[in-house]
Structures are given as structure tokens and as C-alpha cells.
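Just below is one structure, and these are the notes that go with it.
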Amino acid sequence: MRKLCILLGLAAVGAVHAETGRQAWLRYNQLEGVTLRHARETVPSVITALTQSAIIGSAQAELMRGCRGFIGRTPRVQSSVPKEDAIVLGTEAAIGKAFRQWHPENPLAPDSYVLKTIRRDGFRYTIVTGANDRGVLYGAFALLRKIGLGEPVEDLDERQTPYQPVRWVNQWDNLDGSIERGYGGHSIFWESGRARTDLSRVGEYGRLLASIGISVCSINNVNADPRILSGLIPDVARIADALRPWGVQVALSADFGSPKTIGGLDTFDPLDPRVQAWWNSKADELYRAIPDLGGLVLKADSEGRVGPSAYGRTHADAANVVARAVKPHGGLIFYRGFVYDHHMDWRNPKNDRARAAYDNFAALDGQFDPNVIVQIKNGPIDFQVREPASPLFGALEKTNQAIELQITQEYFGQARHMVFLVPMWKETLDFDMQARGAGTPVKALAAGRTFHRPAGGMVGVSNVGMDDSWFGNQLSQANLYGFGRLAWNPDLSSQSIAEEWTRLTFGEDRNLVKTVTAMLLSSWRTYENYTGPLGLQTLTDITGNHYGVNVEASERNGWGQWHRADAQGVGMDRTVATGAGFIGQYRPAVSRMFESPATCPDDLLLFLHHVPYTHVLHDGKTVIQYIYDSHYDGARAVRQYVRDWESLKARVDNQRYGEILAQLEYQAGQAQVWRDAVTTWFWRASGVPDAQNRVGRYPGRVEAESMQLEGYEVVSVEPWESASGGKAIQCLQSSCTAKFRYDGVAGRHTIRVQYFDQNNGAARYRLLVAGQLVDAWVANDHLPTQKLDGSSSTERTISGIALRPGDEIRIEGVPDGGELAAIDYVETEPDVN
Ligand code: GCV
């Protein structure tokens, strides 16, 4: 018995101290103190649903779950309005029947909700209603959010309408279960070519999406496998069943060549009547199986996908042929504006990929059917760390549009770096395109408000996976949360979204909320600082994994992400006067501001202008010094995040604390790799030294190639800037040793070993100081490279090691598979007491 009690006790402690992150911001952990007491007094203990449907059933179940979690009390369910305080759920029609005093001023827009307290016969009724069932569900989540945030709920009178009529997420899931640009594990939808047998994670995802007001999810990659429209329709129907109780509709990405590849036609020409007939009958078949299918997403004539150009047709022809097929069923077509030539001649200074979306679509304005939405990436290139808003937003007056944002962090450290994207998204959403004079921000254009379009909104590329954290990084959840909150209300501040997410995800501890919110809010600038400031774009391996540093990967190829840095200067001349003319795609007021370096914001300077390194920015710094300083600032900021997070150890459950600490420590090492690579690259290119004398000088660093080597051999690393001194050592024997004598001051130190962790083996390392083993580790991370480069370069940090001058520091490496226990350098740094 004693043993059993101990076990039960341990289980309880475990429950408190280990959270996987799977419940994300819907944990509903018990409130505390005054907030708990207040909630117990004011949240009714009865729930009544006046409308019966699967979605309203979800709303009721969610309220029960939330009340049980937050206030430790399971509400009773009543089928009619009781003679006691109650939460009453129902569509507006049902509420109107039950409460004669219900007098809504205006009809509710679809998906809107109302939370209102009605007092009758001495009882207090908390009404949760909406125009449709989904609105009621959104209202239930909003009520729970209020309870969770400790807001008063006894006197409610709130009416909420989503700003963006269309709020979709796209998943780039492949049918084999992999996810293009997904970092949170395998697909929750697909496995080995079929829908998963167990779709429980799909239901859980639907719940998360509903809680932030997302109503449609497309469930396969925009690089679409045509088979999605052939044998898999029953599988899609099963997935739709799993999402439907959460008011989330399924949508599909379709391959534009489908009439030919799977339809047996000899053409996919959009103007061929046989092609129209094929799409019509395919749409009928789809809607028979999934009557509430949201619609289809099309990526055509882009990155190797077939499209209308094969027949000399336009994008409007392509979009309309499919739109006409889904129209009778109420379906929408999202036609992606991400169309560009990736074989451009880089030698021609007039060529410019940034021009592509506008050049391809602006002239077609007015030719798209009313159920087509052109889906436009936030910037003109491709989800880079900073881009101006796409000029196409300001060019379409007679065409529906949606802004596409990337929630998954493809160019943002792939979930291994913390980057909260909401401030960046807000900057684009709030940017005034001056499309009808001042006062036409991107958010209004996308919503269709400016030009009174019938449809429009926001689409987020989400790419969650089977990992408990959904994204491979607990902190990345804040981006999905923020996307939904902004689609609902783009006027929420980044601060309030970050704070809300933190409180719901980690709890109310004041220090914790303050620290995490500050980390999130500064993280985009930090990441930009060490990966590509001033509009340089992300200086990553753009022809490869889009992850590690590779300053020249963008140059001298057809992909058009050129920064054109050379010995004299840096930046892409996109001016009308002397450059590629991209700036002329904006309306005159915006174009004037961008055209002159004097009025162009510094953050976008190198995106829009080619300037000498000595060009002076608005803050008085030269461009080159800004590049140096920002990289040092960025890398320093990440080291500080580690310390900030460590200060929260006692305030977070063990599992998430440990996972986030490991992630931030890794990020700190990577930020240093980026810092050194970019600053030395620009130093070499420009010949201008760092005014602060940091670049190229690394106190306490000993290059591996200058150590005493036994078995190890020196190799050059490609690109050179991704290894310190351009070189590393690797072991071609069964084991090797590298050693040196420490010649610094005596005292406690942190030792940093910079080694390479490729994904083709699990090499082992041992670190010995003065003959004593101080650390041993296995390089078994799954970083996206098999090479020695900036993506595999990884830091191992060992703190509190007593060092005396003359001590031998020795690393032993044991290779495994293709991983040759490679080392870049060792750094020693005195510990601060
Ligand atoms: C799904 C970028 C990504 C691709 C993605 C493409 C797109 O190029 O790297 O993985 O393809 O954008 O948005 O279609």
C-alpha cells in the first residue's frame, strides 16, 4: 500500500512537472488565488445548449473541459434554460426564441459571436451565440480565454466579427507523410500514401484552429501530387470528418495538370471544353464525398509546376476553369501569386525576381471570377527575414486577394531558433499601400474592404506535425496562435498577443510572463540582426536547405535572390532611375518614399538600393559598421535569452523548461556561427575593418587546425565563412585526438567546443582537461545537412571548469558513418561569478 501511495504521489508530481506542449494554449490549468475564487463565484455551474449540432456539441464539451480545468468544477448539463445561473449556448435564432429581451441591433456576419449577460427572474445567463454554429464555438473559446486570463465574465456585452472573412491555413503535407518545410515531425494527415488510420491528432489540430478562429485547412502540399484527386477522395472525406466538429472545413491543393495526368485527357488547356468538363465532374465527385469542401489551392507555372503558359493561356484562364467547376458548390479557388522565373540571367541588372508577382498578375485585374482569390506572399520574394509588402496588394482592385504568411519557420531557423513572427506580420498588414490615397493598409486590401470585394483574407502556411510540440519548438506555437488572432483582429498589438499566449501557455507568474513576452517581442529583430539586416534577405543557403549561413548562395545563379555584394558596395538596385524598376510597381506615394535612400527606411535599404559600404544610415552609422554591429548585437541577445530563460527554471514544468533551454542554447551557438561568418565575409569583401576591432579577433579561441593532432587531418570547409578560419579537422581513423595547452588566466571557465553534427552518423566526443574527463557527448542531432558547413556547425558548452595555465585541453573524437567527428575550434571564457 505504501508503495502504491508513493507511486500515485509521484504520478501527481509528474503531471505538474511535465507538460508535453500538446495542449498548446488550451491547457486549462487550474487558476490560482483571487482569480480562482472569483471564477468560482462568477462562472455558472450549468451549461445549456439550445441548438443541437456537432459543432455546438464541441462548444459545450469544450466549456465543460475548460471549467473543469480552470476552476476544478464540472458543470451540469441542462437541455432547457434552467431556473438558475447558466451558460446558454445557441445560434442567434435559438437564443431569440428563449429570451424575449434579445434584441440584436444588426444581423451578425458569418462566424461572428456575441457574449452577453442577460438577467432574468433573478438569474444570470451567460449567453454565447453566433450567426452560425461556428460563431457559437468561437464564442465558447472566447469565453474560456477570458476565464483563463482572469477577466471578469459576470457582465458581458461583447460582439466580435472577424476582420478577415477568409481565415485559412495551408499544410504542405506530402502523401507519404513527409512535410515540405515542416519541422514538427510527420504529417498528422498522411502516412504511406493514405490518410492515417488514427486521425486523433487531426481532431486535436481542429480544436487548436477553432480556438483561434481558423475555418479552413488545406491538407496537402501546394506542390500537389495529382493522386489526391483520384483514389484518395474517401481518405479526404475521413479527414474532413475529423475536422468538421471543430467547424474546420477541408480544402485541397490540386495539380493544374490533373486533367491530363489522372484524367486521361491529352491536354490540360484551360480553354479546352473537355478540360472544363473534366474539372466540373471532378468537383461534383469531390463535393458528393465532402459537401463542405472549402475549395482548392493552385500553384501553377511556379518552381517547375505546370501551368497555363503551356498553352499560352493566362493565370486568369487557369484559375477560372477550376473556379467555375467549384462555383455551384460554393467553393473558392486560391490561386497563388507566387509565380516567378528561377532561370533568370543574373548578369542583367534589369532582371529582378521581386517584380514577378506584379508583372504576372497586375494586368489581369478584373479577369478573375468572383470565387477566385489571388493568394499573395507578404513580400515580393519568398518569406525572407525582411521584405517590403508585395506591390501586388496595391495593384488589384477588381480581384479578390489574400495575404499568405508563413507560420512554419522555413527561413527563420526552422523551429530551432525562437522567432516570434507577429511583429513582422503586423508591419506588413499595417503598411499603407496608398492604393486609394492614404489609409489603405494591406490588412484592409486583403480583407476586401478597400475595393469592396466579396472575398479575401489571410492564409497561413502552418505545417504542424506529429511532435507533441506540433512545430518541433514549443515557442513556435506562439506563431500559429498569433496568426489566428491577427486574422481575427489585426489591430491587436504584438505585445498583447505575446502576453496572452504566454499566460495561456505557461501560466500567470508575473516574472515569467514579463520575461517570455520580452523574449518573443525582440526575437525577430534579433534573428534579423544575425542573419541579414538592412533588407539583405536571409543570408542562408538559398539553393540548398534554407537553414545555415551561406552568404554567396544567392549570387550568380538564376534564383534571383541576389544581394550583389562586391568590393565596392552591397544591395539590389531596384530603383526606377537606375535599377530594375521594381519600386515603380508601388503607387506613387510609396514609390517616391522607396526611390530615394534619404527616405527609404534603413531596414529595407539593401533590398531596394545598391550603396557603397560607407553609405551613412539615418542613425549615423555606415552600412558596413551596421552589418558588424547588428551581428554582434544579435548573437549577444541570444546568449541573454538563455540566461533569461534559466531564471525561470522554478516557474515552468520540467519538460518544457528543458526543451526550451536546449533549443535556446543551440540557437546561441548558431547565432555565433552566423555572426562570425557574415562579419568575416563582409570584412573580406569590403576590406573595411570593424571600428570596434571584434571581427576576426576571437579572445580565448583556439582553432582546431592549430592544435596538436593525432589522427585528425585539416580540411577546408565550404563555404569558407561557415568555419572559423575557413578550416576544420576531421578524423578518418577509428578515433583521433586534438589537444593544446591552455595559456590563459587561472579560474573557472566555460569551454565551448564548436564541432560539426551532420545527419549521416552519430560521432562521439570526449573532452578532457588536465587528464580528467569533463564531458562526453554524441553528435546525433538531425540537422538538415550531411556536410561540414554552417548548418552542421554546433556548439557544446561546458561551464564551471577550473583551468590553470599549462593545463592540457584534449578532445577525443570517434567517427560514425559519414560523420567524421569534425571540430572547428575551442573557446575558453572566464565564468562571471
Ligand atoms: C511548397 C518556397 C519554398 C518551397 C515552397 C514554395 C511555395 O520556394 O522553399 O518549399 O513550395 O516556396 O511557396 O510554393
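Restricting to bridges with both residues inside the chain, how much of the DSSP beta-bridge set is antiparallel, in percent to the nearest 5? All intermediate terms of the calculation are to be shown ahead of the outcome.
Values: 67 of 113 bridges.
So the antiparallel bridges amount to about 60 percent of the total.
How large is the accessible surface per residue of the chain, computed with a 1.4 Å probe and reported in Å² as a whole number?
Numbers: 30370 Å² over 833 residues.
With all protein chains present, the chain gives 36 Å² per residue.
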Cβ-placed point charges (K, R +1; D, E -1), dipole of the chain about Cα centre in debye, nearest 20: 2200
For the stretch 454-587, the charge dipole (Cβ of Lys, Arg +1; Cβ of Asp, Glu -1; about the Cα centre) points to a positive end, and the Cα of Trp559, Gln537, Ile583 closest to that extreme belongs to Ile583
Using only C-alpha atoms and all pairs of different ones, pull out the Kirkwood radius for the stretch 593-692 in Å with one decimal. 15.7
Using the scaling law 2.2 N^0.38 Å as the reference, what is the normalised Cα Rg of the chain? 1.00
What does the convex hull of the Cα atoms of the stretch 766-833 come to per residue, in Å³, rounded to a whole number? 107
Using the crude model of +1 on Lys and Arg Cβ and -1 on Asp and Glu Cβ, and no other charge, please compute the dipole size for the stretch 557-712 relative to its Cα centre, in debye to 20. 280
For the chain, take the longest principal axis of its alpha carbons; what is the angle in degrees between that and the long axis of helix 477-488, to the nearest 10 within 0 to 90? 40
May I ask you to give the percent of accessible area on the stretch 298-382 that is carbon plus sulfur, with a probe radius of 1.4 Å? 47
For the stretch 75-231, take N as its residue count and report Rg(C-alpha) divided by 2.2 N^0.38 Å. 1.33
On the accessible surface of the stretch 475-607, probed at 1.4 Å, how many percent belong to carbon and sulfur atoms? 52
How large is ³J(HN,Hα), in whole Hz, for each residue of the stretch 345-350 in order, when computed from phi with the Karplus curve 6.51 cos²θ - 1.76 cosθ + 1.60 and θ = phi - 60°, using x for Gly and Pro? 7, 5, 6, 8, x, 8
So how strong a dipole does the stretch 726-792 carry about its Cα centre when Lys and Arg Cβ are +1 and Asp and Glu Cβ are -1, to the nearest 20 debye? 220
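Would you calculate the convex hull of the Cα atoms in the stretch 493-537 and tell me its volume per residue in Å³? Can you show the working numbers first?
Details: hull volume 3.4 nm³, N = 45.
It is 77 Å³ per residue.
Semi-axes of the equivalent ellipsoid for the stretch 99-155, please: Cα gyration tensor eigenvalues, times 5, square-rooted, ordered largest first, whole Å. It would help to have the intermediate numbers written out before the result.
Values: eigenvalues 67, 63, 12 Å².
Taking √(5λ) for each Cα gyration eigenvalue gives 18, 18, 8 Å.
Kirkwood hydrodynamic radius for the stretch 529-642: how many Å is it when counted over pairs of different Cα atoms?
Values: mean 1/r = 0.0671 Å⁻¹.
Every distinct Cα pair counted, the radius reaches 14.9 Å.
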Rounded to the nearest 10 degrees, the helix 623-646 long axis (Cα) sits at an angle to the longest Cα principal axis of the chain of 70
Cα to Cα, under 20 Å, and not fewer than 8 places away if on the same chain: which lysines meet these conditions relative to Lys649? Lys514
Mean Cβ count within 10 Å, highest first, over the residues of peptides 450-458, 474-482, 743-751: 474-482, 450-458, 743-751
Within straight cross-link reach of Lys327, meaning Cα distance under 12 Å, which aspartates and glutamates are found once same-chain residues fewer than 8 apart are removed? Asp284, Asp369
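Take every Cα pair under 8 Å in the chain that's 6+ residues apart, average their separations, divide by the length, and report that relative contact order as a whole percent.
Contact order relative to length: 9 percent.
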If I fit a long axis through the Cα atoms of helix 273-289 and take the longest principal axis of the Cα atoms of the chain, what angle between them do I get, 0 to 90°, rounded to 10? 80
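Students often get this wrong, so check it: of Lys260/Lys299; Lys299/Lys377; Lys146/Lys426; Lys398/Lys426, which have C-alpha atoms separated by over 20 Å? Intermediate results must be reported in sequence, preceding the final value.
On the way: Lys260/Lys299 16 Å; Lys299/Lys377 12 Å; Lys146/Lys426 24 Å; Lys398/Lys426 25 Å.
Correct reply: Lys146/Lys426; Lys398/Lys426.
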With unit charges on the beta carbons (Lys and Arg positive, Asp and Glu negative) and the dipole taken about the Cα centre of the chain, which residue among Leu421, Ser469, Pro454 sits farthest to the positive side? Pro454
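Could you sort 754-766, 508-520 so that the peptide with the highest average Cβ count within 10 Å comes first and the rest follow in order? Spell out each step's value before the answer.
Numbers: 754-766: 20.8, 508-520: 18.2.
Peptide ranking by packing, descending: 754-766, 508-520.
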Specify which residue in the list Pro380, Val250, Pro441 is farthest towards the positive end of the charge dipole of the chain, using unit charges on the beta carbon of Lys, Arg (+1) and Asp, Glu (-1), about the Cα centre. Val250
Hey, got a sec? Which trypsin sites (Lys or Arg not before Pro) in the stretch 434-499 land in a DSSP loop and have at most 14 other Cβ atoms within 10 Å? Arg436
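With runs of 4+ DSSP H residues as the only contributors, calculate the mean residue ellipticity of the chain at 222 nm using -39,500 (n - 2.57) per run, divided by the residue total and rounded to the nearest 500.
Details: 20 runs with 259 residues, N = 833.
So the calculated ellipticity at 222 nm is -10000 deg cm²/dmol.
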Inter-part gap, Cα centre of the stretch 697-740 to Cα centre of the stretch 227-273, in whole angstrom, is 53
Could I get the Rg over Rh figure for the stretch 673-757? Both from C-alpha atoms, Rh via Kirkwood, rounded to two places. 1.00
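So for the stretch 55-119, what percent of the C-alpha to C-alpha distances run longer than 13 Å?
Numbers: 1447 of 2080 pairs.
That fraction is 70 percent.
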I need the peptides 109-118, 72-81 ranked by packing, meaning the mean over residues of other C-beta atoms within 10 angstrom, with the highest value on top. 109-118, 72-81
Measuring from centroid to centroid over Cα atoms, what is the spacing of the stretch 596-670 and the stretch 748-796 in Å? 24
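Roll a 1.4 angstrom probe over the protein heavy atoms and tell me the percent of accessible area of the stretch 189-233 that is carbon or sulfur. Can you show the working numbers first?
Values: 570 of 1200 Å².
Result for the stretch 189-233: 48 percent of the exposed heavy-atom area is carbon or sulfur.
The values are calculated or read from the model by the stated rules, or taken from the named source; none is laboratory data. These figures come from a predicted structure and were not determined experimentally. Here Cβ is always computed from backbone atoms with ideal geometry, including for glycine, and neighbour counts include all displayed protein chains. Accessible surface areas use protein heavy atoms only, side chains included; no ligands, DNA or RNA. Shrake-Rupley method; radii C 1.70, N 1.55, O 1.52, S 1.80 Å.
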